[in-house]
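Structure, as structure tokens:
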Amino acid sequence: MKTVFSSRQFDHDPKQEICDGELKPAVEIPERARIVLRTIEERGLGEVMEPEDFGLRPLQRVHDPEYLNFMESFWSHWTAAGRSKEAFPFVWPVRTLRTDVAPNHIDGLLGRYSMDAGTPLGEHTFAAAKASANTALTAAKLVKDGETAAFGLCRPPGHHSGRDFFGGYCFLNNAAIAAQWLRDNGTDRVAILDVDYHHGNGTQSIFYDRSDVLFLSLHSDPMQEYPYFLGHEDETGENAGTGFNRNWPLPLGTDWDGYAPALEDACRWVQVFKPDILIVSLGMDCFENDPISGFKFKSDDFTKLGQRLSALDVPTVFLMEGGYAVDALGTNCVNVLEGFEAG
Ligand code: 6XA
Ligand code: ZN
């Protein structure tokens, strides 16, 4: 299987994040990509190639133009305000506050275009996010052009980013950008299966009223886990998209035996939908030793996940999302991809 990655994706290099009421070392770090690349090479998964540059158009098909302008010009505004370190939002237009007027100040804009204070934004963040989106697009193109599967080593990840906001370490929704690009380039039916530990709220929201892109997500129950405000079982889509969104919220402590029946259910939905291409939002944070998560996958369970997805017999684009147990991340990720190839 081919892997797509650009060294520009290393340039998003956050130092700290706000977590548990403290500033802690960031967990979504360049080392994640390095260990995955190293393991791909050691285990001979296949060629690693640079992404093509698809330009702004595929990003504009998913994201709000004002949001993209904000991201593009963020660092010049931030430094013009006298700041030099990575940025964190701290005020949001919640209920009773106005969203019809965009403030001028960069602190107001940070709140307008974000969902949390846990996602550091630095000088090279948007350039790295664009490279990550190009990685997703190139992997999608490989599969559209006939590969059985491809792996986009996306970092920063994408699935929490909505049409006009960043959050959960995500700035551009790589899976949504790839899905929309496939739809715009002749693929009729796309399914997105999100197996990251966290609900893919951004992806769900982008396709919630559509029947051409099926969104399925297995994740930790939002009653007790980030992103807290989306990902419940009763969210099944709206208008034309009614019935084309499915969530499997699972309890803390879920292991492979608890996960497998939900995965079977999701796979049945994929089979009924009959997608031309499947996109897997591939988080490895269901791992038992993940520092921010609460599921109990063993490394071998990732192989089983890959094998089960392979049995769907659909051309598949794997796009990396979360997973923060860095030492095991390469093993867990390549286990999915090798499991898929072994079938
Ligand atoms: C809050 C947790 C962010 C979740 C990031 C993630 N700091 N999403 O792995 O899939
Ligand atoms: Zn996650």
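The values are calculated or read from the model by the stated rules, or taken from the named source; none is laboratory data. The shown structure was predicted, so the numbers you read here are calculated from the model rather than taken from an experiment. Don't worry about glycine lacking a Cβ; one is built from the backbone with ideal geometry, like all the others, and counts go over all protein chains shown.
Given the criterion within 13 Å of ligand 2 (Cβ to nearest atom) and in contact (Cβ under 8 Å) with a residue 60 or more places away in the chain, identify the matching residue among Asp184, Asp194, Asp164, Asp188.
Answer to the check: Asp194.
Each row is one residue, and each column tells you yes or no for (1) touching a Gly at 6+ places or on another chain (Cβ under 9 Å); (2) of a type in the set (D, E, K, R).
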{"residue": "Lys85", "(1), (2)": "yes, yes"}
{"residue": "Trp92", "(1), (2)": "yes, no"}
{"residue": "Thr96", "(1), (2)": "no, no"}
{"residue": "Arg112", "(1), (2)": "no, yes"}
{"residue": "His124", "(1), (2)": "no, no"}
{"residue": "Ser161", "(1), (2)": "yes, no"}
{"residue": "Leu172", "(1), (2)": "yes, no"}
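Among Thr331, Thr254, which is assigned to a loop (DSSP other than H, G, I, E, B), away from ligand 1 (no atom under 15 Å from the Cβ) and among the hydroxyl-bearing types (Ser, Thr, Tyr)?
Thr254
Could you run through region 23-56 and say how many residues are of a type in the set (Val, Ile, Thr) and within 30 Å of Asn69 (Cβ to Cβ)?
The qualifying residues number 2.
Got at least one residue in region 32-52 being among the hydroxyl-bearing types (Ser, Thr, Tyr), more than 30 Å from Gln180 (Cα to Cα) and surrounded by fewer than 18 Cβ atoms within 10 Å (Cβ to Cβ)?
Checked against the condition, which is being among the hydroxyl-bearing types (Ser, Thr, Tyr), more than 30 Å from Gln180 (Cα to Cα) and surrounded by fewer than 18 Cβ atoms within 10 Å (Cβ to Cβ), region 32-52 yields no hits at all.
Table: residues versus (1) under 23 Å from Ala131 (Cα atoms); (2) in a helix (DSSP H, G or I).
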{"position": "Val27", "(1), (2)": "yes, no"}
{"position": "Glu41", "(1), (2)": "yes, yes"}
{"position": "Leu45", "(1), (2)": "yes, no"}
{"position": "Met71", "(1), (2)": "yes, yes"}
{"position": "Val101", "(1), (2)": "no, no"}
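Could you tell me which numbered condition Glu147 fails, if it satisfies all but one of (1) in contact with a strand residue (DSSP E or B) (Cβ under 8 Å, 6 or more places away or on another chain); (2) acidic (Asp, Glu); (3) more than 16 Å from ligand 2 (Cβ to nearest atom); (4) closer than 30 Å to Gly82 by Cβ?
(4)
Residue by residue, here is whether (1) at pLDDT 95 or above; (2) among the aromatic types (Phe, Trp, Tyr); (3) over 25 Å from Gly167 (Cα atoms); (4) more than 12 Å from ligand 2 (Cβ to nearest atom) holds:
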{"site": "Pro275", "(1), (2), (3), (4)": "yes, no, yes, yes"}
{"site": "Ile292", "(1), (2), (3), (4)": "yes, no, no, no"}
{"site": "Ser299", "(1), (2), (3), (4)": "yes, no, yes, yes"}
{"site": "Leu305", "(1), (2), (3), (4)": "yes, no, yes, yes"}
{"site": "Ala311", "(1), (2), (3), (4)": "yes, no, yes, yes"}
{"site": "Phe340", "(1), (2), (3), (4)": "yes, yes, yes, yes"}
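Do we find a residue being within 13 Å of the chain's Cα centre (by Cα), closer than 27 Å to Pro93 by Cα and within 12 Å of ligand 1 (Cβ to nearest atom) anywhere in region 132-154?
no
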